[in-house]
Amino acid sequence: MSEKSINEKVVDTSHRTKFRCLLLTASSLTGLSFLFTINKSFLSWINDWFQWCPTSTELLQQAETKMFSYLKTPPEVTSVMITSNIQTDECKIRSLSANKNAEDNATPLVLLHGFASGIGLWVLNIDSLSQDRPLYALDMLGFGLSSRPVFSKDSEMAENQFVESIESWRKKVGIKNFILLGHSMGGYLAAAYSIKYPDRIKHLILADPWGFPTPDLSVPKIEIPMWAKAIAAMLRPFNPLAALRAAGPWGPNMVKRLRPDILRKFEAVVSDPSDVSNYIYHCNAQYPR
């Protein structure tokens, strides 16, 4: 065999070896990629399986969007960033606006929802209340898609934190004077805001508002048994919505079974009652931060 043939064979063998190595490497990488994909899917499945509450911010957003799909005119929904005295970081307030291009002399209307609620439950009222004026609604801090900061354990300080967050939102949105409508807990906070900032309020509307009577000091105090005090101390770390979160995967059905009266109120506008119960569930199954 000539020297030229030997050199050509060596070159050919070298090319084949490199090609085989390249194939083996590609095969190995493909195998690793496949294993990684399976592993990732498996880990995701494990995470979903062990997630006690079947909720997330994304599911709440989807439920909110579904509620707003029943409106005749789609509203503008944004997140307004405010600086709050609750914490050093900025807080996010979910905000809805409708008919912002109304006449300049039309006084805006601002809606404050009740406890365990959110802006999505105003679908019964938004179309009619925004016909002649700009309308705004917000998820109060700790509810819906707004930030969930830690509130003070002192009731007066916590009330002031809510009031100041509403005022910070007003400044950021750029409203000077407005009509304030509050429902339930929102009615209590609307009254508290009006007392502190009366110059901002044109009219105050309270719909079934919360209220706390002044204690009558002349009435003798009832001695509470020790067993009742012990139970109260055990339940103190839990808030009223803890039961819904503790129910885990049975939580979504709890709303339907325990409060069918709420679902019936939306029958005139919402065709599928489960859209209402899903929104209420995802609003309240989110863990406080």
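What to note about this one:
- A full extension of the chain between Met226 and Ser69 corresponds to an added length of 51.3 nm, given 0.36 nm per residue minus the alpha carbon distance.
- Dipole orientation for the range 138-185: of the candidates Asn160, Leu138, Pro149, Leu138 has the Cα lying most toward the positive pole (charges on Cβ; Lys, Arg +1; Asp, Glu -1).
- Overall form of the range 96-229 per C-alpha gyration tensor (a/c, 1.5; a/b vs b/c): prolate
- Taking the protein heavy atoms of the range 135-249 in the context of the full set of protein chains, the accessible area attributed to carbon and sulfur is 63 percent at 1.4 Å.
- Chain lengthening between Leu124 and Asp154 when straightened (0.36 nm per residue, less Cα-Cα): 7.3 nm
- About the centre of its Cα atoms, the range 119-198 shows a dipole size close to 220 debye [charges on the beta carbon of Lys, Arg (+1) and Asp, Glu (-1) only; nearest 20 debye].
- From most to least packed by mean Cβ count within 10 Å, the peptides 111-117, 139-145 give 139-145, 111-117.
- Shape category assigned to the range 141-289 from the gyration tensor of Cα positions, a/c cut at 1.5: oblate
- The Cα center of the range 192-220 and the Cα center of the range 118-168 differ in position by 17 Å.
- Chain lengthening between Thr83 and Tyr287 when straightened (0.36 nm per residue, less Cα-Cα): 71.2 nm
The values are calculated or read from the model by the stated rules, or taken from the named source; none is laboratory data. Please read all numbers here as calculations on a predicted model, not as lab measurements. Positions of Cβ are backbone-derived with ideal geometry, glycine not excepted, and every protein chain shown enters the neighbour counts. Each accessible area value is taken on the protein alone, full model and side chains, heavy atoms only, with ligands, DNA and RNA left out. Shrake-Rupley method; radii C 1.70, N 1.55, O 1.52, S 1.80 Å.
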